[in-house]
1. What shape does region 109-189 take by its C-alpha gyration tensor, where a ≥ b ≥ c are the square roots of the eigenvalues and a/c under 1.5 counts as rounded, a/b above b/c as prolate, and the rest as oblate?
2. Per residue of region 135-144, in order, report the coupling 6.51 cos²θ - 1.76 cosθ + 1.60 (Karplus, θ = phi - 60°) as ³J(HN,Hα) in whole Hz, putting x for Gly and Pro.
3. For the residues Leu211, Leu120, Leu161, Leu44, what sequence is obtained by ranking on other C-beta atoms within 10 Å, fewest first?
4. With the cut-off at 1.5 for a/c, could you classify region 56-164 from its C-alpha gyration tensor as rounded, prolate or oblate?
5. Starting with the fewest neighbours, write out Val215, Val133, Val121 ranked by other beta-carbon atoms found within 10 Å of each beta-carbon.
6. For a footprinting-style exposure proxy, rank Glu193, Glu90 by other Cβ within 10 Å, fewest first.
7. Show me, for region 158-165, the HN-Hα J-couplings you get by feeding each phi into the Karplus relation (A = 6.51, B = -1.76, C = 1.60, θ = phi - 60°), rounded to Hz, glycine and proline as x.
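Read-outs throughout are calculated quantities, based only on the coordinates presented, and are distinct from any laboratory measurement. This one's a predicted model, so the numbers in the text were calculated from it and none came from an experiment. Cβ atoms come from the backbone with ideal geometry, glycine included; neighbour counts cover every protein chain shown.
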Amino acid sequence: MNYDGIVTQDTNRDPPAPQLCCGREGFVRIPVLTDLLDVLLPRLCVGCGEINHDDTFLCGACAEGLKQCRLSPGAIPLNGLPVIAPFEYEFPVSAIISTAKFRSMPHLFRPLALAMYEALVEANLDGYPQVVVSVPLHPSRRRERGFDQALYLARLVAGYLDRSFCPRALKRVRATPPQKRSNRQQRLAALHEAFGPGPQAARVEGRRVLLVDDVVTTGATLEAAVQALLPQLPAGIVSLVAARTPPPDTCAAAAGSPGADVSSADVSAADASTAGPPGGGPDNRCIADKRQS
Ligand SMILES: [Zn+2]
């Protein structure tokens with residue numbers, strides 16, 4: 001993947017999506033107009049916030065930082081659930097995700113979605129996913145944010161995979177408060193029966209499911225979503241996220257990273273203290289936990 005070309009249209013596998021250019025959503029590339037906008041409205045790097053003269057979302061330094069956040073290939077078991085993530089939730093990944101979510105710039109997720117697809121391929125699963133499902137936001141949160149980030153990522157990944165996407169296999173039946181400072185047990189309690197089967201739930205029966213979310217911290221949200229899917233008897237479930245919060249020993253460094261606006265995110269580097277170390281080695285099972293709730 002060429003992170004320098006983070007602008008979009010980075011692959012022919014892209015599913016239909018908004019056409020973008022020069023980091024300003026909605027603008028058509030017209031040289032004179034672009035030059036004028038550079039003067040009136042300088043492009044800022046999404047990561048560090050500095051003026052960026054390149055035709056990308058990230059300056060060169062932040063693009064290099066993105067490469068440094070790449071995780072080793074393979075699924076990591078998180079409380080029994082195999083989870084694949086291309087990136088550690090550190091700067092500039094944290095800044096990209098925060099900006100995308102809280103400034104309603106979903107197109108910034110596009111390079112992360114491509115990296116997720118690559119990480120899934122690199123994980124070399126025993127059984128390839130047959131259907132893609134996203135962890136849904138509650139409708140009230142979705143209205144507030146303007147879009148559902150997991151749905152956006154899942155739709156892109158399904159396009160890369162050429163697999164069907166079932167955005168309504170799960171539904172959020174109960175809104176939950178922000179979990180930033182909650183530990184795993186508190187999160188599990190808050191998320192109890194927060195998800196339920198949606199109108200497309202039957203489409204996961206007997207199929208290997210790829211469950212997509214943006215960030216994993218303790219794994220409680222993914223676990224709650226899995227519990228809601230299991231009664232539909234999927235053949236297996238593996239989770240794919242854009243970023244994983246770092247192990248506790250790297251929290252301090254991540255929190256001190258420039259531009260790491262984790263305070264406004266659903267997760268923060270500090271939450272990693274409750275996540276526990278990833279532990280274990282690569283686990284390529286395409287699931288496996290067939291417990292019935
Ligand atoms: Zn930068």
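1. On the way: a/c = 1.97, a/b = 1.59, b/c = 1.23.
Prolate, because a/c is 1.5 or more and a/b exceeds b/c.
2. Rounded to whole hertz, the list is 7, x, 7, 5, x, 5, 5, 5, 5, 5.
3. Numbers: Leu211 28, Leu120 23, Leu161 20, Leu44 15.
Fewest to most other Cβ atoms nearby, the residues stand as Leu44, Leu161, Leu120, Leu211.
4. Values: a/c = 1.69, a/b = 1.10, b/c = 1.54.
Here region 56-164 falls in the oblate category.
5. Details: Val215 24, Val133 32, Val121 14.
Listed from fewest to most nearby Cβ atoms, that is Val121, Val215, Val133.
6. On the way: Glu193 11, Glu90 25.
Ordered from fewest to most neighbouring Cβ atoms within 10 Å, Glu193, Glu90 come out as Glu193, Glu90.
7. 4, x, 4, 7, 6, 10, 6, 10
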